[in-house]
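**Student:** If you scroll down you'll find the structure; I have some questions about it.
Laboratory data are not the source of any read-out in this text; all were calculated from the coordinates shown. Keep in mind the model is a prediction, meaning the values are calculated, not measured. Glycine gets a Cβ as well: all are built from the backbone with ideal geometry, and neighbour counts include every protein chain shown.
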Amino acid sequence: MRKIVFPLLIVFVSTSVAFAKNAAVSEDTQSCIECHGTLHPGIVADWERSRMSRVTPAEALTKTDLQRRISVEKVPEYLAGVAVGCAECHTMRAETRNDSFEHEGYRVHTVVTSQDCATCHAVEVKQYGHNLMSHAYANLKNNLVYHSLVVATNGVQTFEDMKTTIKEPSSETNADSCYYCHGTKVEVTGVRAVETDFGEMELPILSGWPNQGVGRVNPDGSKGSCSACHPRHQFSIEMARKPHTCSECHQGPDVPAHKVYTVSKHGNIYSALGKAWDYSAVPWTVGKNFTAPTCGTCHVSLVASEEGEVIVERSHQMNDRIPWRIFGLIYAHAHPRSPDTTIIKNKAGLPLPTELTGEPVVEYLIDEKEQDKRRTRMQKVCLSCHSQGWVDGQFSRFENTIETSNEMTLAATKVLLSAWEKGAAKGLAHDDSIFNEAIEKKWVEQWLFFANSTRYASAMAGADYGVFANGRWYLSKNLQEMVDWLEFKVKGK
Amino acid sequence: MRKIVFPLLIVFVSTSVAFAKNAAVSEDTQSCIECHGTLHPGIVADWERSRMSRVTPAEALTKTDLQRRISVEKVPEYLAGVAVGCAECHTMRAETRNDSFEHEGYRVHTVVTSQDCATCHAVEVKQYGHNLMSHAYANLKNNLVYHSLVVATNGVQTFEDMKTTIKEPSSETNADSCYYCHGTKVEVTGVRAVETDFGEMELPILSGWPNQGVGRVNPDGSKGSCSACHPRHQFSIEMARKPHTCSECHQGPDVPAHKVYTVSKHGNIYSALGKAWDYSAVPWTVGKNFTAPTCGTCHVSLVASEEGEVIVERSHQMNDRIPWRIFGLIYAHAHPRSPDTTIIKNKAGLPLPTELTGEPVVEYLIDEKEQDKRRTRMQKVCLSCHSQGWVDGQFSRFENTIETSNEMTLAATKVLLSAWEKGAAKGLAHDDSIFNEAIEKKWVEQWLFFANSTRYASAMAGADYGVFANGRWYLSKNLQEMVDWLEFKVKGK
Amino acid sequence: MRKIVFPLLIVFVSTSVAFAKNAAVSEDTQSCIECHGTLHPGIVADWERSRMSRVTPAEALTKTDLQRRISVEKVPEYLAGVAVGCAECHTMRAETRNDSFEHEGYRVHTVVTSQDCATCHAVEVKQYGHNLMSHAYANLKNNLVYHSLVVATNGVQTFEDMKTTIKEPSSETNADSCYYCHGTKVEVTGVRAVETDFGEMELPILSGWPNQGVGRVNPDGSKGSCSACHPRHQFSIEMARKPHTCSECHQGPDVPAHKVYTVSKHGNIYSALGKAWDYSAVPWTVGKNFTAPTCGTCHVSLVASEEGEVIVERSHQMNDRIPWRIFGLIYAHAHPRSPDTTIIKNKAGLPLPTELTGEPVVEYLIDEKEQDKRRTRMQKVCLSCHSQGWVDGQFSRFENTIETSNEMTLAATKVLLSAWEKGAAKGLAHDDSIFNEAIEKKWVEQWLFFANSTRYASAMAGADYGVFANGRWYLSKNLQEMVDWLEFKVKGK
């Protein structure tokens, strides 16, 4: 077995990861490491730096409520006294799944699922199930409107006789694009023989692999990949709390949370001074451990004061503090009640939470009372550093921006409806995709890029992004260009 | 009173903030902390990390000239011997302002103004007053041309009968957009009763609040928010010297200083090696404290050599080292004489420093002699690490780029003038906004985005940004698209 | 002579730069420092932090093979025993070059060339010569197709009588744009007298100076500027290994490697946890020194396991691990055999590695066997942390994306060919630039921006960038806009 090396440097940088000793490693995990430590040295060394390799579940259970990082009351006895190692996660629940395979005397599985993680982190996995993200696969795949956006974006097109035609994109293309973040469906589709240093081995073939998308559908049927935010094999809370993690899926013009953060005062303080903060402390103490919020602070973490008072509870149901849904849909609207949005139908029969002209489909959305509750929860975080007057001013501006950005989307929608009506483009009435023509794509950008971005810039106080970078300037310019296009098209007919 | 905790971690990271003891805290500040330490724990803990909480003005005055961070010769006696705490700033000059209110036996005010900061930092506030930024509110608000750009960008539009109409944007929208960086006008507009943990309180209602824009007009009539760059309540010089601070307003395509910096050699050295530099030393010693410049080094800071020789003096009149104004206006031109640009009128009667065709309105601009002086000052910074041949080559290229980018703007302007003349769009002669139609918006992008960005990339040697990211490629493409548009429009008539 | 100061802080941050003592400094270098330490203090202090100032070549030669940073077996005796200082590099090989000049009793030269660096780093310089980058000047300058892209991008245009005309850009403009990264040709073009603190001096005038482009043609005829990635005068391996260095030229939409990296899991781990890694260790040990790859890890560095096994050899021929060329050209294709691409001719007689319709010009490109070899080499890096199934899945997706992105380029090319055929634009048959008209520029963006970016996002698993930021969304939208344009143009005729 390889020696377990204590990374000395970390002692200086972050005192809270300075464990004095390592936990006992199970014999099973030791046998994994014997080969894989040589085959994949990076993976094993990464795990050695992790808390998983140093603290047993039994020790984790001895912490006080506020300090606990484990959310079950009891873990199975065979797991309690050893480090959480290779074998513990990759041989777990073998009888309940069809993706485990015989490997050197063990039944192992490649994909560790949210259900596996729930063995110790049950509350987080349950909360996460109430999160839109956990349903990100089906919410995209089974929504006919959104599926046709995927096709119009990813499908290969050809040009012949002044016309384009489009092919349905392959699952490989989709996995490389939208489903990278939304999550793929990972299933065993067969077996292959692989030549290795240790002889030929039979290994399962997995569809949609690799993938760490937030809504990954796992071989055991569970939803979500915890490694989206807690990447293997260090599973570092520091990582999850830093904004870079979120930027993997929240950087592009459609959902520019991280870009807005980097030009906000919060983000600037993080970038300039954040090197001195403690990202591993549980609970996370405002002012002591950090002096400006990261994404995690506002949306997920258990935040406390130095006096030990809880400011907000930890929640992996991230919409817990979010009254509005400001991106991804045509209009901003109250947050949906259920994380499964495939159940939504508007009056026009489309699977959308608003009509094409913006009216919300209220029966599927949270009501004002629930919005108030969530707004109050979020404001508690703000109030750790800001006065009520400041916070009220900020929220009033934000809700004004929701309204005006929706109005700018409505204006663009009216241009599109007029184009369809005049036969300048083919839309719903022609049973044609509403995303395949140039004018339709401009319409999509109005809400998916510009209105969303304007709202993000407002919500997170990163105004620079919401004016000329991807915001109001384009809301206005794009609308004028749509009108010009329509004029050219109608005159050209 | 809460214990004042010494943040241990900082000792390892940055030796220059390792003060041995804290300054005495006034009784008034102690009473503030008693409640606000619990109500807003983050704010208080942030201040505890600051130099303000540790060094009294009296101690600050004992430093040598080069090491001084305070620029008055004397501070009022009641302030001299205590830490600069809550009460010191938030109850100051109560008699001179109408925004202070009765609060638990004190007259306090929410907004600390540049005039308040001038109590100790008079030279900086005075210098800053000569900075365009200090006038950023009026320079936008009271310039009719620019005000119409604000309206065309922020106003909500509607579409009916193939025509769009636009509404004047609300002050709330403007505060969430342009005025976030330019600064709002903050005034007391009324009083409201707020229910708090300590009973009902009467608090003033402030217009344009919150805001930390560089040209904020304060309730006491002073201009500028020092917290734009020195954010509350740590007021860290490290923060001000790091480029992230500037990025809050200088990231977008209209003024992409930070984006250019990140692809410049200077920026790359900062990103890769800057973690080991000392950002808190005064004076800031080239080579010893840092090995590549940040924004502050070139534009603001007191830079010295290890031998104690001053390379450049500190200046909060940031244009002190800037001969040209390369962004925000239609053409690059010599820097304006006065920070108040509302006084400028060109031959056509417009409040612009050049004619629409580029000729400078010389009487309002600095002359070549003053440009030389400023260029020389800037070059002194360059020469700390570069030979004269290098520096001359760099400046020669930059001034060539000013010229060629102006020419590319002129070409686009001629297309626009032709469009107005041919009636393809409505401009000055039709008494119509010059920013509301699609072709006009393309013209704006030619100078506000592409010419500006090309010049920034040249000035700061971040060429990657000035070619395909936002520079010459678009100068050329946008011009061709304007010509195509005009052709379509004229033929379609 | 200035005291050589030991930067204390570095001890805490990165143990591997903690040298106990400095190397002897030659008398010649001491005389340089006497004046230049005062004239350019930053430059000298920077060098003092470098390994060059602390380790003599003789000491460097005592290291074991795996730990060696010098790649010759022997260095000239006069260099072996002293620090690599000013005089060592700037007076070297004076007899072989025409850019050295008399200066205070020495013959010195300003530009240190790759041939100078080869005195100690011969293997790296030789490998680098097989790199496309070393030929980046001529590959752009002497390729008529690409030269016309430079003209269409950088040339100043004028508008008169509804027509634009374009001027050939000056060498100063080109040096500020494309050649900043590609490298300029630096030659002595004359002599000038400069007034200095030490009296008048005669100094050579250098064309194309300053420049640190990767393919710089040096005054001694050699190619490449090592300081592109190892910037003066710290020459830090930490710097070269960090992704910021690469971002200087690989950030824009044409080659967005760094942008993709920042949204990849690898990049996010680097951003969040990379502060604790050791970037100076040689060899670079996976898992121990770092836990996720930077650009250098996959493309350049000598990577080893903790057991001392070499995973991949160091290579400054960066295409050693690259089977495909995915950017810069119209279609992705197998990597060219020779770094000098000016020799390539396709069937149509154009200096391009594919036909306009995508078929590769195979005789100039590496064959499948060579591609396999390079793919295997790259996969060895991947396998340090990932299973074969993961790696196979990743590469299969990537090669699918190469195919589909090429197909989307073909569709756009067909629109362009149709435009040329119908006389809607002027192309090859009209002996006109294929880059000067708006529709041609849209075609360029299809491959140079959108197809390239889609492939980068796939290759480096940063999907967010390859969908809405600069990828598939635009491949699809741009094609539809090209079709619309063609329709308008043909109807308008």
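**Student:** If neighbour count is taken as other Cβ atoms inside 10 Å, put B:326, B:434, C:343 in order from fewest to most.
**Tutor:** C:343, B:434, B:326
**Student:** Taking amide H atoms as placed 1.01 Å from N in the peptide plane, list the residues 5 or more away in sequence, or in a different chain, whose amide H sits under 5 Å from that of residue C:187.
**Tutor:** C:207
**Student:** Rank the residues A:86, C:89 as a footprinting-exposure proxy: fewest other Cβ atoms within 10 Å of their Cβ go first.
**Tutor:** Ranking A:86, C:89 by Cβ neighbours within 10 Å, fewest first, gives C:89, A:86.
**Student:** I want the antiparallel fraction of DSSP beta bridges within chain A, as a percent rounded to 5.
**Tutor:** Values: 22 of 26 bridges.
About 85 percent, rounded to the nearest 5.
**Student:** Shifting gears a bit: Given an 8 Å cut-off on Cα distances and at least 6 residues of separation, report the relative contact order of chain B as a percent.
**Tutor:** RCO, chain B: 12 percent.
**Student:** How far, in degrees from 0 to 90, does helix C:388-421 lean away from the longest principal axis of the Cα atoms of chain C, to the nearest 10?
**Tutor:** 50
**Student:** Let me check I have the definition right: for the protein assembly as shown, take the eigenvalues of the Cα gyration tensor, multiply each by 5, take square roots. What are those semi-axes in whole Å, largest first?
**Tutor:** 41, 41, 41
**Student:** Still on this structure, please answer the following. Quick check on the exposure proxy: order A:420, A:277 from fewest to most C-beta atoms within 10 angstrom.
**Tutor:** Exposure proxy ranking, most exposed first: A:420, A:277.
**Student:** Note down the magnitude of the dipole of the protein assembly as shown about its Cα centre, charges +1 on Lys and Arg C-beta and -1 on Asp and Glu C-beta and zero elsewhere, to the nearest 20 debye.
**Tutor:** 40
**Student:** On to the next question. Need the list of lysines near residue C:347 for cross-linking: C-alpha distance under 20 angstrom, and skip anything on the same chain fewer than eight residues off.
**Tutor:** Correct list for residue C:347: C:414.
**Student:** Which of B:236, B:404, B:331 sits farthest toward the positive end of the charge dipole of chain B, with +1 on the Cβ of Lys and Arg and -1 on the Cβ of Asp and Glu?
**Tutor:** In chain B, that residue is B:404.
**Student:** Can you give the Rg to Rh ratio for segment C:118-164, taking only C-alpha atoms and Rh from Kirkwood? Let's see the in-between values first.
**Tutor:** Values: Rg = 18.3 Å, Rh = 13.6 Å.
Value, to two decimals: 1.35.
**Student:** When the dipole is taken about the Cα centre of segment C:336-436, and only Lys, Arg (+1) and Asp, Glu (-1) are charged at their Cβ, what size is it in debye, to the nearest 20?
**Tutor:** Charge dipole, segment C:336-436, about its Cα centre: 280 debye, nearest 20.
**Student:** OK, next. Hey, what do the phi angles of segment A:196-212 turn into as Karplus ³J(HN,Hα) couplings, whole Hz, using 6.51/-1.76/1.60 and θ = phi - 60°, x for Gly and Pro?
**Tutor:** 10, 4, 9, x, 6, 10, 8, 10, x, 9, 10, 6, x, 10, x, 6, 9
**Student:** Just need log10 I(q)/I(0) for segment A:246-305 at q = 0.18, 0.22, 0.27 Å⁻¹, Debye formula, equal scatterers on the alpha-carbon atoms, no solvent, rounded to two decimals.
**Tutor:** Debye curve over Cα of segment A:246-305, log10 I(q)/I(0) at q = 0.18, 0.22, 0.27 Å⁻¹: -0.64, -0.89, -1.15.
**Student:** Still on this structure, I have one more. Which value in deg cm²/dmol, rounded to the nearest 500, describes the helix-derived mean residue ellipticity at 222 nm for chain C, given -39,500 (n - 2.57) per DSSP H run of n ≥ 4 and division by the residue count?
**Tutor:** Value at 222 nm, helices only, nearest 500: -11000 deg cm²/dmol.
**Student:** Find every distance from the label point of residue B:275 to the corresponding label point in the other copies (7 Å from Cα along Cα→Cβ) and write them in nm, one decimal, shortest first.
**Tutor:** 0.7, 0.8
**Student:** Let me ask something else. Give the Cα extents of segment B:363-493 along the principal axes, in whole Å, largest first.
**Tutor:** Each principal axis gives a Cα extent; for segment B:363-493 these are 60, 36, 18 Å.
**Student:** A further question follows. From the phi of every residue in segment C:334-344, what ³J(HN,Hα) in whole Hz does the Karplus formula 6.51 cos²θ - 1.76 cosθ + 1.60 yield, where θ is phi - 60° and glycine or proline is x?
**Tutor:** Calculated HN-Hα couplings, in order: 4, 4, x, 5, 9, x, 8, 8, 5, 7, 6 Hz.
**Student:** Quick check: the angle from helix C:144-154's long axis to the longest principal axis of chain C, C-alpha only, nearest 10 degrees?
**Tutor:** That works out to roughly 80 degrees.
**Student:** Quick check: convex hull of the Cα atoms in chain B, volume per residue, rounded to a whole Å³?
**Tutor:** Dividing the Cα hull volume of chain B by its residues yields 167 Å³.
**Student:** A further question on this structure: Considering only A:281, A:270, A:293, whose Cα is most displaced toward the positive end of the charge dipole of segment A:270-319, charges sitting on Cβ of Lys, Arg (+1) and Asp, Glu (-1)?
**Tutor:** Toward the positive end, the furthest listed residue is A:270.
**Student:** Output the pairs from B:167/C:163; A:489/C:163; B:242/B:345 with a Cα-Cα distance over 27 Å in this structure; if there are none, say none. Please report the intermediate quantities before stating the final value.
**Tutor:** Values: B:167/C:163 37 Å; A:489/C:163 24 Å; B:242/B:345 37 Å.
Check vs 27 Å cut-off fails for B:167/C:163; B:242/B:345.
**Student:** Here is a follow-up. Can you give me the angle between helix B:114-129 and the longest principal axis of chain B, using Cα atoms only, in degrees from 0 to 90, rounded to the nearest 10?
**Tutor:** Roughly 30 degrees between the two axes.
**Student:** Using the Karplus curve 6.51 cos²θ - 1.76 cosθ + 1.60 with θ = phi - 60°, what ³J(HN,Hα) values do you get for each residue of segment A:77-84, in whole Hz, with x for Gly and Pro?
**Tutor:** Once θ is set to phi - 60°, the couplings for segment A:77-84 become 4, 5, 9, 4, x, 10, 4, 7 Hz.
**Student:** Right, something else. If you consider only alpha-carbon coordinates, what radius of gyration and Dmax does segment B:218-367 have, in Å?
**Tutor:** Cα only, segment B:218-367: 17.9, 54 Å (Rg, Dmax).
**Student:** Then there is this: Give the nm distances, rounded to one decimal, from residue C:309 to the matching residue in every other copy, measuring between label points 7 Å along Cα toward the beta carbon; shortest first.
**Tutor:** Result, one decimal in nm: 5.7, 5.7.
**Student:** How many percent of DSSP beta bridges within the protein assembly as shown run antiparallel, rounded to 5? It would help to have the intermediate numbers written out before the result.
**Tutor:** Details: 66 of 78 bridges.
Taking every DSSP beta bridge within the protein assembly as shown, about 85 percent pair in antiparallel fashion.
**Student:** How much net charge surrounds residue C:361 when only other residues with a Cβ under 9 Å from its Cβ are counted (Lys, Arg +1; Asp, Glu -1)?
**Tutor:** Surrounding charge for residue C:361 is -1.
**Student:** List the residues of segment B:356-389 whose backbone N lies under 19 Å from a point placed 7 Å from the Cα of residue B:337 along the Cα-to-Cβ direction.
**Tutor:** B:359-375
**Student:** How would you classify segment C:258-345 from its alpha-carbon gyration tensor, with a ≥ b ≥ c the square roots of the eigenvalues: rounded for a/c under 1.5, else prolate if a/b is greater than b/c, otherwise oblate?
**Tutor:** Oblate is the answer for segment C:258-345, as a/c is 1.5 or above yet b/c matches or exceeds a/b.
**Student:** In addition: If the cut-off is a Cα-Cα distance under 20 Å, which lysines reach residue C:63, setting aside same-chain residues fewer than 8 apart in sequence?
**Tutor:** C:21, C:74
**Student:** Okay, next question. Sorted from shortest, what are the nm distances separating the label point of residue C:376 from equivalent points in the other copies, each placed 7 Å from Cα along Cα to C-beta?
**Tutor:** Label point to label point, same position, other copies: 6.7, 6.7 nm.
**Student:** Let's see if you can work this out: charge +1 on each Lys and Arg Cβ, -1 on each Asp and Glu Cβ, no other charges. What is the dipole magnitude of chain B about its Cα centre, in debye to the nearest 20?
**Tutor:** 1220
**Student:** Can you spot the lysines whose alpha carbon is less than 18 Å from residue C:223's alpha carbon? Ignore those fewer than 8 places along the same chain.
**Tutor:** C:126, C:141, C:185
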